[in-house]
1. Going through the stretch 218-237 one residue at a time, which ones are within 29 Å of TYR7 (Cβ to Cβ) and part of a loop (DSSP other than H, G, I, E, B)?
2. Keeping to the stretch 1-38, report how many residues are among the aliphatic types (A, V, I, L, M) and either more than 25 Å from ASP296 (Cβ to Cβ) or outside the structural domain of ALA114 (by TED's automatic domain parsing) (or both).
3. Any chance you could count how many residues in the stretch 295-313 are assigned to a strand (DSSP E or B) and surrounded by fewer than 19 Cβ atoms within 10 Å (Cβ to Cβ)?
4. Taking ALA290 as the residue in question, decide whether it is assigned to a loop (DSSP other than H, G, I, E, B), touching a Ser or Thr at 6+ places or on another chain (Cβ under 8 Å) and at pLDDT 95 or above.
5. Quick check on my filter: what residues within the stretch 159-217 are closer than 21 Å to GLY6 by Cβ and of a type in the set (Gly, Ala, Ser)?
6. Looking at (1) touching a residue at least 12 places away in the same chain (Cβ under 8 Å); (2) closer than 20 Å to ASN142 by Cα; (3) hydrophobic (A, V, I, L, M, F, W, C), which one does LEU225 not meet, given that it meets all the others?
7. Quick one: which of GLY84, GLY62, GLY103 is free of Cβ contacts under 8 Å to residues at least 24 places away in the same chain and of a type outside the set (A, V, I, L, M)?
8. Return yes when THR126 is surrounded by fewer than 22 Cβ atoms within 10 Å (Cβ to Cβ) and among the polar types (S, T, N, Q) and no when it is not.
Amino acid sequence: MILSAGYGTRLWPLTEDRTKPALPILGKPLVGYVAEYLARYGCDDIVVNLHHRPESVRQALGDGSSFGVKLHYVEEPEILGTSGAIDNARALLDGDTFVVVNGKIITDIDLEAALATHRREKAIATLVLLPNAACEKFSIVNAADGCLLGFGGMPLRENFSPESPPLMFTGIQILDPKIFDYVPRGKFSHSTTDVYPQAIANGERVAVHVADGQWYELSTMPRYLDISLRLLAERGESVTAGDGCEISPTAQVEQSVLWDDVVVESGARVKRAILGDNVRIAAGEVVENAAVVCADLVRGKTAPTKALRGEFRGDNFVVSLTE
């Protein structure tokens, strides 16, 4: 199962007309990377939950054949949370071990090794973890002897040594059908607060698998840009442009992500920017460290609480990415 129902409020206004997993990353929807990742390990029968802008995920993935998978879409009229989503799809999941992956990640973590841990530990659930060496803002996962103990707050660098960094959850989990004994029926619920603590308290084994490998989580606009540029750098490139883009020969565009039908006019300078569909950067204009969408997309809309602030500039709405 790929979790794809979230609002993506920290990525607004990029998520005004699409959900976070439908955002394009180097010409491919983010959720497509997850589908291909699962397909590499033989997980080719996939449930995708939908809520915010469901048509954007359907359009991005289609029937799944272009990503090597078969898809089943399950809509949530009201958002149900991470374990509520599983409950809503239990008719499609119950009966065999299944994998749940967050729809906002790109990774090459060895899923087969995690499955081997799950089988060896005979666990009701196995969470795939990574060392958080940089002490980024991901909740601490407390574990001992290969078992989950619980979840803590955000890590402070001064509390950890390089030899013993905190652990963080990757958004990949392996579940046995018995987990449904602890998933509330027909209501909003989260695995971390409503399922795992109750299972552990009842003596169930919730295992952890500490992995290594590349893992990118794209939940904020600065992260979206930084990770896109890092992936581009691996190709020896610094700019990605979607279909129908027009860049004047006298314009300067570097370290930037252009979606479809973007126009950059003569003498304009664009650096470290995200330019959404149909954005036009006027002649001589300078855009740096910013995300830009068409003003009409967000005019009259209320920005989510967690969104970065922006301003209208002519036909564009510009959000500074400088923190």
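The values are calculated or read from the model by the stated rules, or taken from the named source; none is laboratory data. Computed from a prediction, not measured in an experiment: that's the story for all the values here. Neighbour counts are summed over all protein chains in view; Cβ atoms, including those assigned to glycine, are modelled from backbone coordinates with ideal geometry.
1. Step one: list which residues in the stretch 218-237 are within 29 Å of TYR7 (Cβ to Cβ), which gives 218-232.
Passing the criteria: LEU218, SER219, THR220.
2. Initial filter on the stretch 1-38 (among the aliphatic types (A, V, I, L, M)): 1-3, 5, 11, 14, 22-23, 25-26, 30-31, 34-35, 38.
Next, only the ones that are either more than 25 Å from ASP296 (Cβ to Cβ) or outside the structural domain of ALA114 (by TED's automatic domain parsing) (or both) stay: 1-3, 5, 26, 31, 34-35, 38.
Selection size over the stretch 1-38: 9.
3. As a first pass, look at the stretch 295-313 and keep what is assigned to a strand (DSSP E or B): 310-313.
Within this subset, residues satisfying the condition of being surrounded by fewer than 19 Cβ atoms within 10 Å (Cβ to Cβ) are 311-313.
Residues flagged as assigned to a strand (DSSP E or B) and surrounded by fewer than 19 Cβ atoms within 10 Å (Cβ to Cβ) within the stretch 295-313 amount to 3.
4. Numbers: assigned to a loop (DSSP other than H, G, I, E, B): no; touching a Ser or Thr at 6+ places or on another chain (Cβ under 8 Å): yes; at pLDDT 95 or above: yes.
So ALA290 does not fit the description; no.
5. GLY171, GLY186, SER189, SER191, listed by residue number.
6. Among (1) touching a residue at least 12 places away in the same chain (Cβ under 8 Å); (2) closer than 20 Å to ASN142 by Cα; (3) hydrophobic (A, V, I, L, M, F, W, C), the lone unmet condition for LEU225 is (2).
7. GLY62
8. On the way: surrounded by fewer than 22 Cβ atoms within 10 Å (Cβ to Cβ): no; among the polar types (S, T, N, Q): yes.
Taking the combined requirement at face value, the residue does not satisfy it.
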